[in-house]
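The values are calculated or read from the model by the stated rules, or taken from the named source; none is laboratory data. Predicted, not measured: the structure shown is a model, and the values here were computed from it. Don't worry about glycine lacking a Cβ; one is built from the backbone with ideal geometry, like all the others, and counts go over all protein chains shown.
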Amino acid sequence: MDLTSPRLPYIGVDIGGSHITAAHIDSADFKIVKSSLIRTRVASTEGPEVIFKDWVAALAPLIVREGEEVTRIGIAMPGPFDYEKGISLMKGMKKYDSLYGMNVKEILAERLQIPADHILFRNDAEAFLHGELASGAVAGEKRAVGVTLGTGLGSASNCQGTTVDADRAFLPFKDSIAEEYISTRWFSNRYKELTGKEIKNVEALLASDDQTIIDALFEEFGINLASFLNTFIAEEHPEVVVIGGNIAKTWDHFIPVVLKHLEDKKVVLKQSAMWEDAALVGAAFSWMHH
């Protein structure tokens, strides 16, 4: 079977903490088919019934059937998750807790009326890096690592030949773990420590009116990110680092600080070129090389 020109489109899916995004992926140029894109909010703190209903509503319209053939789906999913079996292991993460221990692959397959082996799961950071390698900021690079900065901290590398989850969020960092310092949560917590006020995310921080606080937070964040990257780079020896996730959209506020504290000056830092599309493409890519 020639996987480069399937009769049916692949579906790439990105499941985030508060939404699901899905689209057909063109296997010729590894880009998403814009007209097919569906993005829906998901009540990820609710029970399984609500979550599956939201997911199915987004995916069902994209399924194509032709005779015996049914579309294949690649899903980028945050961890912890048993990607091989399709079982959710998220617990105490304030998202998808109600799915703990459930076989997401089988339940989805049943509700979408497709074979379970037509669904593949992939770590979201790994899918992000693979998408950027396929047709994004680091297309064609031999040695790259990817970092996603958002509600959590994602990390992936292709420096050993295949694109894998580097799983560095929970490595010891300062007096806690890396994710506590390099995430939206850190911005909210640090802002509260300094001002006594609440902010939800970096967008809200930039909209606040105290430039001194904004500068101080991004300076500190930049130093932390550089320190995290220095260890990651020393272990993987990439030529380029691609950075995505919501916080990466505030690039100009933290990158100068990161570059100043980066030990290996030969490594190039690049901002994501595909944003959310990257994970969709990277997840569907698993099929193209399955």
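In the range 188-203, which residue that is of a type outside the set (Lys, Arg) and in contact with a Phe, Trp or Tyr (Cβ under 9 Å, 6 or more places away or on another chain) is surrounded by the most Cβ atoms within 10 Å (Cβ to Cβ)?
VAL202
Give me the residue from the range 251-266 that is of a type in the set (A, V, I, L, M) and more than 22 Å from the chain's Cα centre (by Cα) and, out of that set, nearest to PRO238 (Cα to Cα).
Per the criteria, the residue is LEU262.
What single numbered condition from (1) among the hydroxyl-bearing types (Ser, Thr, Tyr); (2) touching a Lys or Arg at 6+ places or on another chain (Cβ under 7 Å); (3) surrounded by fewer than 19 Cβ atoms within 10 Å (Cβ to Cβ) fails to hold for THR162?
(2) is the only condition that THR162 fails.
In the range 239-257, what count of residues is obtained for those that are in contact with a strand residue (DSSP E or B) (Cβ under 7 Å, 6 or more places away or on another chain) and without any contact (Cβ under 8 Å) to a residue 60 or more places away in the chain?
Residues flagged as in contact with a strand residue (DSSP E or B) (Cβ under 7 Å, 6 or more places away or on another chain) and without any contact (Cβ under 8 Å) to a residue 60 or more places away in the chain within the range 239-257 amount to 2.
For the range 6-32, give me each residue that is surrounded by fewer than 18 Cβ atoms within 10 Å (Cβ to Cβ), without any contact (Cβ under 8 Å) to a residue 40 or more places away in the chain and under 19 Å from PHE128 (Cβ atoms).
The answer is HIS19, ASP26.
Pairs only if they're at least six apart or on different chains, beta carbon under 7 angstrom, first in the range 152-180 and more than 20 Å from GLU84 (Cα to Cα), second hydroxyl-bearing (Ser, Thr, Tyr) and in a loop (DSSP other than H, G, I, E, B); list them, first residue then second.
GLY152/SER183; LEU153/SER183
So how many residues does the range 73-106 have that are out of contact with any Phe, Trp or Tyr (no Cβ under 6 Å at 6 or more places or on another chain) and either under 15 Å from VAL56 (Cβ atoms) or among the hydroxyl-bearing types (Ser, Thr, Tyr) (or both)?
Residues flagged as out of contact with any Phe, Trp or Tyr (no Cβ under 6 Å at 6 or more places or on another chain) and either under 15 Å from VAL56 (Cβ atoms) or among the hydroxyl-bearing types (Ser, Thr, Tyr) (or both) within the range 73-106 amount to 9.
Identify, from the list GLU236, GLU219, the residue that is out of contact with any strand residue (DSSP E or B) (no Cβ under 8 Å at 6 or more places or on another chain) and at pLDDT 95 or above.
Criteria check complete, one pass: GLU219.
Within the range 34-56, how many residues are closer than 24 Å to TRP287 by Cβ, out of contact with any helix residue (DSSP H, G or I) (no Cβ under 7 Å at 6 or more places or on another chain) and loosely packed, with under 15 Cβ neighbours inside 10 Å?
3
Which one of the conditions (1) over 21 Å from SER286 (Cβ atoms); (2) not in a strand (DSSP E or B) does ALA28 fail to meet, given that it meets all the rest?
Checking ALA28 against (1) over 21 Å from SER286 (Cβ atoms); (2) not in a strand (DSSP E or B), the one that fails is (1).
When you look at ALA248, is it under 30 Å from GLY140 (Cβ atoms), at pLDDT 95 or above, touching a His at 6+ places or on another chain (Cβ under 7 Å) and outside any strand (DSSP E or B), yes or no?
Judged against the criteria, ALA248 is not a match.
In the list PHE228, PHE218, which residue meets the criterion of being farther than 25 Å from ASP14 by Cα, in contact with a helix residue (DSSP H, G or I) (Cβ under 8 Å, 6 or more places away or on another chain), assigned to a helix (DSSP H, G or I) and in contact (Cβ under 8 Å) with a residue 40 or more places away in the chain?
PHE228
Which members of the range 179-205 meet the condition of being within 23 Å of the chain's Cα centre (by Cα), part of a helix (DSSP H, G or I) and not small (Gly, Ala, Ser)?
GLU179, GLU180, TYR181, THR184, ARG185, TRP186, PHE187, ASN189, VAL202, GLU203, LEU205
For the range 143-178, enumerate the residues that are within 17 Å of the chain's Cα centre (by Cα), over 18 Å from ALA76 (Cβ atoms) and of a type in the set (A, V, I, L, M).
ALA178
I'm checking my understanding of the structure. Among residues of the range 107-142 that are under 11 Å from the mean Cα position of the chain (by Cα) and among the charged types (D, E, K, R), which one is farthest from GLU49 (Cα to Cα)?
GLU126
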